[in-house]
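The values are calculated or read from the model by the stated rules, or taken from the named source; none is laboratory data. What you are looking at is a predicted structure, and each value in this text was computed from that prediction instead of being measured. Counting neighbours? That spans all protein chains shown, and the Cβs are built from the backbone with ideal geometry, glycine included.
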Amino acid sequence: MLEVVLDTLKDSIKLLPFLFVAYLMMEYIEHKTSNKTKQIVQKSGKFGPALGSILGIFPQCGFSAMAANLYAGRIITLGTLIAIFLSTSDEMLPILLSEAVPFEIIIKILAVKLLIGMLAGFIIDFVVRKFIKKEEKNKITEVCEQEHCHCEEGGILKSSIKHTISVFIYILIISFILNTVIYLIGEETIANLILNKPILGPILAGIIGLIPNCASSVLLTQLYLSGVITVSTMLAGLLVGAGVGILILCKVNKSIKENVSIIGLLYVVGVMAGILLEFVGITIM
């Protein structure tokens, strides 16, 4: 259990810079820019899925958390959020590098995640603009009011710190519970669920990917390197795996229905992509 506590602290502390930067950006946009500038920021998200998917492939366990905050404030679009969630690598890249996996193989894996994230993001934004036609207004003020931060008192720095600490405590508690459950069940038991199961493998890997911390990406990558699961099964889980981004989304975005829809969309896209890759017989090794 000591290892569970230490892992929880380590993973949670790594998020602090990302959370702080996200809230600092939101506070600055809310209090230091004009309404016209806010509108420009909101409408500049047309190319967000491309930028988001590129940034997401870097090993930053907290980037998805920052994206969830920015989406809750409607600074980025839904397509950009999904693109980041799908492409985010968490601990996959460091593990591949530490295991001396050939560089060209790593590039191929990252390229697949990037392309799927980017494509899905653009399609989602296109569908939202063309068919849903619901203009998303800036919601930074709502996020602020929800957290009861009293931003006018003490300036944006104090408010950003208060937001960060509040969400950090939330992550710490939930992560400890999740890590304890994983410890009690055992990673070997989880691995056996997806062993040699075509189609069902990506479906189950996607469920593992929904575990909102970096442990899921570590497990899936190690199973792939050990030859236990195929690359398509690994990718299905890693595409769904958005780290703690899902936790943050549920914390700061008050619409439960919307959060469930986003998580469901993420799961369907990731698993369907994994099944498609399995069907076409993609081999990266």
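Looking only at the range 263-279, which residues are surrounded by fewer than 22 Cβ atoms within 10 Å (Cβ to Cβ) and either on the phi > 0 side of the Ramachandran plot or touching a residue at least 60 places away in the same chain (Cβ under 8 Å) (or both)?
The answer is Leu265, Tyr267, Ile275, Glu278.
Only one of Pro212, Pro202 is outside any helix (DSSP H, G or I) and surrounded by 23 or more Cβ atoms within 10 Å (Cβ to Cβ); which?
From the options Pro212, Pro202, the qualifying one is Pro212.
Give Leu70, Leu97 a once-over and let me know the one that is farther than 17 Å from Leu114 by Cα and modelled with pLDDT under 80.
Leu97
Out of everything in the range 186-225 that is of a type in the set (S, T, N, Q) and over 14 Å from Ala236 (Cα atoms), what residue ends up being modelled with the lowest pLDDT?
Here the answer is Asn196.
Would you be able to tell me the number of residues in the range 215-251 that are surrounded by fewer than 24 Cβ atoms within 10 Å (Cβ to Cβ), touching a residue at least 24 places away in the same chain (Cβ under 8 Å) and either part of a loop (DSSP other than H, G, I, E, B) or touching a strand residue (DSSP E or B) at 6+ places or on another chain (Cβ under 8 Å) (or both)?
Total satisfying the criteria: 1.
So which of Leu6, Leu19, Leu81 ends up being surrounded by fewer than 23 Cβ atoms within 10 Å (Cβ to Cβ), out of contact with any Cys (no Cβ under 7 Å at 6 or more places or on another chain) and modelled with pLDDT of 65 or more?
Leu6
Residues are listed down the side, and each one gets a yes or a no for (1) on the phi < 0 side of the Ramachandran plot; (2) in contact (Cβ under 8 Å) with a residue 60 or more places away in the chain; (3) touching a Leu at 6+ places or on another chain (Cβ under 9 Å):
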site	(1), (2), (3)
Ala72	yes, yes, yes
Gly79	yes, no, no
Met92	yes, yes, yes
Ala100	no, no, no
Val112	yes, yes, yes
Phe126	yes, no, no
Lys130	yes, no, no
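What tally of residues in the range 84-97 results from selecting those that are buried (at least 24 other Cβ atoms within 10 Å of the Cβ) and either in contact with a His (Cβ under 9 Å, 6 or more places away or on another chain) or part of a helix (DSSP H, G or I) (or both)?
Selection size over the range 84-97: 5.
Quick check on the range 22-52: of everything there that is among the small types (Gly, Ala, Ser), at pLDDT below 70 and surrounded by 16 or more Cβ atoms within 10 Å (Cβ to Cβ), which residue is farthest from Leu115 (Cα to Cα)?
Going through the qualifying residues, I end up with Ala22.
Here are the criteria: (1) under 20 Å from Ser216 (Cα atoms); (2) not in a helix (DSSP H, G or I). Tell me which single one Ala100 does not satisfy.
(1)
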